[in-house]
1. For residues that are closer than 13 Å to L200 by Cα and hydroxyl-bearing (S, T, Y), scanning just the range 136-172, find the one that is most open to solvent (accessible area, probe 1.4 Å).
2. Is it the case, given these coordinates, that G133 is within 15 Å of G72 (Cα to Cα), modelled with pLDDT of 95 or more and either out of contact with any strand residue (DSSP E or B) (no Cβ under 6 Å at 6 or more places or on another chain) or not in a strand (DSSP E or B) (or both)?
3. Against the definition (over 18 Å from the mean Cα position of the chain (by Cα), open to solvent by 10 Å² or more (accessible area, probe 1.4 Å) and touching a residue at least 24 places away in the same chain (Cβ under 8 Å)), how does I202 come out, yes or no?
4. Restricting attention to the range 341-386, and to residues there that are touching a Phe, Trp or Tyr at 6+ places or on another chain (Cβ under 7 Å) and polar (S, T, N, Q), which single residue is surrounded by the fewest Cβ atoms within 10 Å (Cβ to Cβ)?
5. Pick from K164, K93, K118: which is under 25 Å from L64 (Cβ atoms), free of Cβ contacts under 8 Å to residues at least 24 places away in the same chain and not hydroxyl-bearing (S, T, Y)?
6. Going by the structure shown, is V208 touching a strand residue (DSSP E or B) at 6+ places or on another chain (Cβ under 6 Å), open to solvent by 40 Å² or more (accessible area, probe 1.4 Å) and of a type in the set (A, V, I, L, M)?
7. Would you point out the residue of the range 106-122, among those that are more than 19 Å from the chain's Cα centre (by Cα) and open to solvent by 30 Å² or more (accessible area, probe 1.4 Å), that is farthest from E174 (Cα to Cα)?
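The values are calculated or read from the model by the stated rules, or taken from the named source; none is laboratory data. Worth saying up front: this structure is predicted, and the values here are computed from it rather than measured. Note that we place each Cβ from the backbone using ideal geometry, even for glycine, and neighbour counts take in every protein chain shown. These accessible areas exclude ligands, DNA and RNA; they are computed on the full protein's heavy atoms, side chains included. Shrake-Rupley method; radii C 1.70, N 1.55, O 1.52, S 1.80 Å.
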Amino acid sequence: MKLMLLLCALIPAAVSASPEWIVIGTDAKVQITERGLEKAAPGQDLTVFIDVAEDELKLNMHFLAMPNSLFGPPSNLAVTPDQKLAIIANSVKWVGEEGAWESAPETHLHLVDLESGKPKKLGTVETKAQPSGISISRDGKRLLVANRADRSVSLFSIDGESLKMLDTLVIDGEAAAVTFAPDGKAALVTKFAEHHVALLRIVEDKLVYDAKQDIPVGLWPYNVKITPDGKVAIVCNTGNNGLPDGHCDTLSVIGLSTKEPHVASTVSVGDGPEGLAISPDGKYVAVPLLNGSADMFKDEWFYHPHGEVVLYELKGTGLTERSRVKTGAFPEGISFSADGSRLFVANLADGNLSTFSVNKGRLASEGEPLRIPVPGKPGSMGSAQP
């Protein structure tokens with residue numbers, strides 16, 4: 001019976017009157033094996049579009065052939081607040097030939113129309129080298145792109161199905177992820193190799209940056225999000241250049257209400273925090289942990305057959321752990337539903353999603369977490385949730 005339910009989840013259902021889209025990027029070019037990362041020929045990547053507005057056992061899935069990459073943080077996808085447009089950054093492209101493939105920085109943003117209820121490719125827009133993280137303003141009119149290889153951030157306007165680059169600013173650091181403040185007048189950018197977070201101002205569609213305001217956080221910060229009230233930011237510090245190593249890594253909590261934004265507290269979360277989600281009401285923070293859960297780590301002391309997801313309650317600038325549960329292997333992408341009642345986690349190594357209900361700070365599912373298969377290896381996840 002359970003297998004039948006899982007198979008039904010892959011059959012397109014009737015389109016909801018008010019779709020709620022989650023977008024998942026999969027990478028078929030890289031396989032994580034006991035021998036390490038093995039590279040295959042390009043051309044098989046898929047982007048998965050899921051309408052989660054209805055019951056989780058009736059997820060309405062659509063697929064588009066579109067290049068994507070697991071190289072980079074799981075924050076390269078986003079949906080506009082009106083659920084009409086998806087924007088997908090492809091960080092790297094494959095160069096070389098069979099048996100000798102290598103990655104090189106890409107410069108493409110892909111646009112997908114969601115308004116009809118059936119995703120449709122619209123085309124691409126150029127940005128700077130290796131777009132790795134994107135953020136859409138809460139009014140849906142502006143887009144920020146963290147260009148990792150270019151060490152810069154680009155600002156675009158969004159007008160219906162069109163993007164226009166307004167400004168690009170060099171921040172002298174590996175810009176890995178970016179997030180708008182709720183008012184759209186400021187943003188934070190993780191500087192991955194520099195172990196800092198940059199504070200940007202947006203003034204008359206120009207980006208303004210003062211390196212003296214860089215905020216020192218933990219080692220190798222990948223992801224960053226700001227709460228809906230704009231008072232706090234959370235930063236995931238991966239600790240080992242983006243790979244698990246068995247040691248506990250940290251979350252930095254940045255207070256944004258004071259004159260000078262600063263790290264107000266630091267929490268030890270576990271091994272390999274990459275993905276990050278804040279609930280729509282701002283009460284909870286969810287972080288998946290890689291936990292050494294991939295075949296390439298089977299001979300290491302820190303190997304585990306499963307990942308974890310941790311749910312924290314946020315009060316002021318303090319995080320209190322409320323729930324810690326197992327996920328599939330190598331979880332990276334993560335997103336809350338729009339009402340905050342469900343949490344979706346993309347398990348890269350297993351090629352599936354874990355889904356959990358969220359109730360008063362607890363993550364739960366009936367028996368084992370429901371695992372919904374997706375084609376390919378899901379390395380990133382995005383939605384209209386900031």
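1. T168
2. Working: within 15 Å of G72 (Cα to Cα): yes; modelled with pLDDT of 95 or more: yes; either out of contact with any strand residue (DSSP E or B) (no Cβ under 6 Å at 6 or more places or on another chain) or not in a strand (DSSP E or B) (or both): no.
No; evaluated as a whole, the condition is false for this residue.
3. Values: over 18 Å from the mean Cα position of the chain (by Cα): yes; open to solvent by 10 Å² or more (accessible area, probe 1.4 Å): yes; touching a residue at least 24 places away in the same chain (Cβ under 8 Å): yes.
When the stated conditions are applied, I202 passes them.
4. Applying the filter and picking the extreme gives S365.
5. K164
6. On the way: touching a strand residue (DSSP E or B) at 6+ places or on another chain (Cβ under 6 Å): yes; open to solvent by 40 Å² or more (accessible area, probe 1.4 Å): yes; of a type in the set (A, V, I, L, M): yes.
The answer is yes for V208.
7. Checked the range 106-122; the qualifying residue farthest from E174 (Cα to Cα) is S116.
Yes or no, residue by residue, for (1) of a type in the set (V, I, T); (2) assigned to a strand (DSSP E or B); (3) in contact with a strand residue (DSSP E or B) (Cβ under 6 Å, 6 or more places away or on another chain); (4) at negative phi:
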| residue | (1), (2), (3), (4) |
| --- | --- |
| L166 | no, yes, yes, yes |
| D172 | no, no, no, no |
| V189 | yes, yes, yes, yes |
| V197 | yes, yes, yes, yes |
| L219 | no, no, yes, yes |
| C236 | no, yes, yes, yes |
